[in-house]
Amino acid sequence: MSSPSLAETTAGLRPRARSIDVYRAVWRWHFYAGLLVLPFLLLLAITGAIYLFHHEIDAYVYRDLRSVPASTSTMQAPSAIADAAVKAHPGTVFRYVPPASGTASAQVGVRDAAGKHVVYVNPYTAQVLGTMVDRGGIVWLVRELHGLSYFGPIANGMIEVAAGWTILLVLTGIYLWWPRGQKGGVVSVRGAPRQRVFWRDMHAVTGVFAAFFILFLALTGMPWSLIWGAKVNQWANGNNFGYPSGVRVNVPMSKERLADGQQTTWSLEQARMPMSMTGQAAPDVPPGTGGTPAAPAAAAVSAGPHAAHDASHAGMTAHAGHVGPGAALAQTAASDDEHAGHGGGSTPPAPASAVPAGPAQAPIGLDAAVAAFTRLGMAPGYAIAMPSSRTGVYTASAYPNDLSKQRVVHLDQYRGTPLIDMSYADYGPLGKGLEWGINVHMGQEFGLVNQLLMLAVCLAIVLMCVSGATMWWKRRPSGALGVPQMPADPKVLRTVVVLLAIGGVIFPLVGASLLVMLAIDQVWSRRQRTATGEPG
């Protein structure tokens, strides 16, 4: 048998050489991606793991404010509770949260010269239990750290960068893990902690088991991103005054958005606020159709001022305003509770002249508004935002873990009739899909199982960050960064970069960061060639 010729040997080596080049190119950009987002991933994973249990944390840490002894007494009227809060903490009321249960306190949002506060009141005795800064406490700090808003709007933009590069990290990581004949390090961990192979296998094996869930978290985190999320939301929800197409909007609308004054669902961030009709009859539309239910004010009041005692705290509303019978209660600006995103009411409402003039009419007041929302069947966990002007509305928002019970109702402040009543069922396919993904992301869709699963994924991300950093530290040459070697064929690297650029086109901030990393890679490559004496 004759030996293979040199040409045959060379031809046989070409596929292997190309395979090595591709591996090096992918590894190089996997390294860059990890270098860029590892600190953010570590922060997001730790804060995300904590925030999964935000209800439990709040209930335990602030139990002296949030809970009261069970009583057979009748609860005080909402207006009396609000008056007690304002008497203890003078200011104007911007939000009222009915008691969550028979053993829960009522919450009254009050604004004063120093800012916004939440006053907790025993609903049976109207005794003030204590006060907290609005958007204060442990959970709020964790939430702001998780969204990077704690560090300002520029840092908040890193959400899109971190999520986009995480997707690229997972895809390149799967390629690097893919078995190529090796027996170990595929689903098992070799070696001991003192060896680099142990940390390599720990990183790879953890990553491949958690890959799907990490991709899911990255993709469902994108709706909160600064550019991509905002643009997709504008495209998906920019019509019908920002409401899903199935919702009938046949009432006068202001220029103020629901999200200007409170944190709402992703699908309602473009939704505009309706206006109370000061001198016109409200249209009659059957309830539950996403339109305007016919509900006379008399029927709303007949439920009684104590009808809301079974409602619980949703925490996601805020418009300030006239509260009704209590003399201390006045109009104020918008706000929100501990799960809120941004407040303010930056878009001014439509001028009063935009609403047909009519005879003067007194607002129904907080007691009748609470009764009306309870009669409409708002899910336990709703909060009421007050009208922000003469044409403003009472807005009740409920965002329980059960998506089917999420609901927003805008109530005419003079007649007590719902102007817009919509729920999760009114969302389109895109809205439903994204809201479902966000709910799972936050550990809310499947109860404790959902929380524990997302906790395991967060812990896996922490382990991958630690193992990746340790593996790099053990591999890197002394005094050097340890960037993986360039492929011998530059065309291979360019092909990998082009594939990465597809993600940059879809996610603009990822594309911008890719250009920065390309520039850094070019500078670094020139330095390496200069140091080794290679031709440039």
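Here, each number is a calculation from the coordinates, and none is a lab measurement. All of these numbers come straight from a predicted model, not from anything done at the bench. Using ideal geometry, Cβ is built from the backbone for each residue, glycine included, and neighbour counts are taken over all protein chains shown.
Pairs over the 21 Å Cα-Cα cut-off, from the set K231/K432; K405/K432; K87/K116; K116/K231: K116/K231. Fully extending the segment from F151 to S19, taken as 0.36 nm per residue of separation minus the present Cα-Cα distance, adds 43.3 nm.
Under the shape rule built on the C-alpha gyration tensor, where the axes satisfy a ≥ b ≥ c, the range 427-536 is oblate, since a/c reaches at least 1.5 while a/b does not exceed b/c.
Is the shape of the range 44-96 best called rounded, prolate or oblate, per the rule: a/c under 1.5 gives rounded, else a/b larger than b/c gives prolate, else oblate, with a ≥ b ≥ c the square roots of the Cα gyration tensor eigenvalues? Cα axes put the range 44-96 in the oblate bin.
In this structure the amide hydrogen of Y394, modeled in the peptide plane, comes within under 5 Å of the amide hydrogens of L411, Q413, none closer than 5 places in sequence on its chain. So which lysines can K474 reach, going by Cα to Cα under 27 Å and dropping same-chain residues fewer than 8 places off? Straight-distance partners of K474: K183. Once backbone amide H atoms are built at 1.01 Å from N, K255 has A350 as its partners under 5 Å, excluding neighbours fewer than 5 places away on the same chain.
Relative contact order of the range 24-127: 23 percent, from C-alpha pairs under 8 Å at least 6 residues apart in sequence.
The phi-based Karplus calculation (6.51 cos²θ - 1.76 cosθ + 1.60; θ = phi - 60°) puts the 3J(HN,Hα) values of the range 390-402 at 4, 9, x, 10, 7, 10, 9, 10, 10, 10, x, 4, 6 Hz, whole numbers, x for Gly and Pro. Placing a label point 7 Å from the Cα of D64 along the Cα-to-Cβ line, the residues of the range 111-134 whose backbone N sits under 13 Å from it are 129-132. Amide H contacts of D134 (H built 1.01 Å from N, in plane; Pro and chain starts excluded): K116, H117, V118 sit under 5 Å, all sequence-distant by 5 or more or on other chains. Rounded to the nearest Hz, the phi-derived 3J(HN,Hα) couplings of the range 56-64 under the Karplus curve 6.51 cos²θ - 1.76 cosθ + 1.60 (θ = phi - 60°) are 5, 5, 4, 4, 7, 5, 10, 5, 5, where x marks glycine and proline. Here the Karplus relation 6.51 cos²θ - 1.76 cosθ + 1.60, evaluated at θ = phi - 60°, turns the backbone of the range 210-222 into coupling constants of 9, 3, 4, 6, 5, 4, 4, 5, 5, 5, 6, x, 4 Hz, with x for every Gly and Pro.
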